[in-house]
Amino acid sequence: VATDNYALVEMAFLHLQQKGLNHFAFYGIPTEDEKHWAVERQNAFLSLMHQYEHQSAVYLGDKITSENWAEAQFKLGGWLKLLPPHTGIIAATDARARHLLQACEALKIAVPEQLCVIGIDNEELIQYLSRISLSSVTQGTRKIGYQAAKMLDNLLNGHKVSHKPILIPPLKVERYYVAVAQRPNRLKIL
């Protein structure tokens, strides 16, 4: 039982496309054997770009540590400067999306006016840590857990279970809005 990574990226892509964008990029994660889902998401993006006949831009960046944070952000900023205006960037995770938002803020690139960013995973903590609102694709984690528990129950009761993978589609794109104090007693919704 696993998440359908193709469907996650497709939902993010269609969301950006519905916003009228026609330039797309993907900010992934350096390939590591234990993160096959990251490769699946990158391949899904490339497949969608081919299917819809769009140019693609992919940047994997570095594995981020406290020691290389500044250098990694500098490199990410260099890549962002190469993207055409009004590019929709799909980040492999919300954490990667937050890197994008921070790099855009440092470069004075307005999000979503100049570049659009969408994450995957809908991690609440990342939403609260970001000063700029972030749209994110919500995974069907409850359904994944339910299906896994159902399979385990069948195994424990001596029933046969299929070895065919069960892929669970995403639920929706969640849009967050950040409230910023403008003046005392007034809030502006961004």
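The values are calculated or read from the model by the stated rules, or taken from the named source; none is laboratory data. Keep in mind that what you see is a predicted model, and the values were worked out from it rather than measured. All Cβ positions, glycine included, derive from the backbone under ideal geometry; neighbour counts span all protein chains shown. Just the protein is used for accessible areas: all its heavy atoms, side chains included, with ligands, DNA and RNA removed. Shrake-Rupley method; radii C 1.70, N 1.55, O 1.52, S 1.80 Å.
Within the bounds of the range 66-77, is there any residue that is within 24 Å of K172 (Cβ to Cβ) and hydroxyl-bearing (S, T, Y)?
no
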Which count do you get for residues in the range 10-58 that are touching a helix residue (DSSP H, G or I) at 6+ places or on another chain (Cβ under 6 Å) and of a type in the set (A, V, I, L, M)? 3
Answer yes if at least one residue in the range 28-43 is among the charged types (D, E, K, R), on the phi < 0 side of the Ramachandran plot and not in a helix (DSSP H, G or I), and no otherwise. yes
Residue by residue through the range 22-49, note down the ones that are open to solvent by 70 Å² or more (accessible area, probe 1.4 Å) and not hydroxyl-bearing (S, T, Y). N22, H23, D33, E34, H36, E40, N43
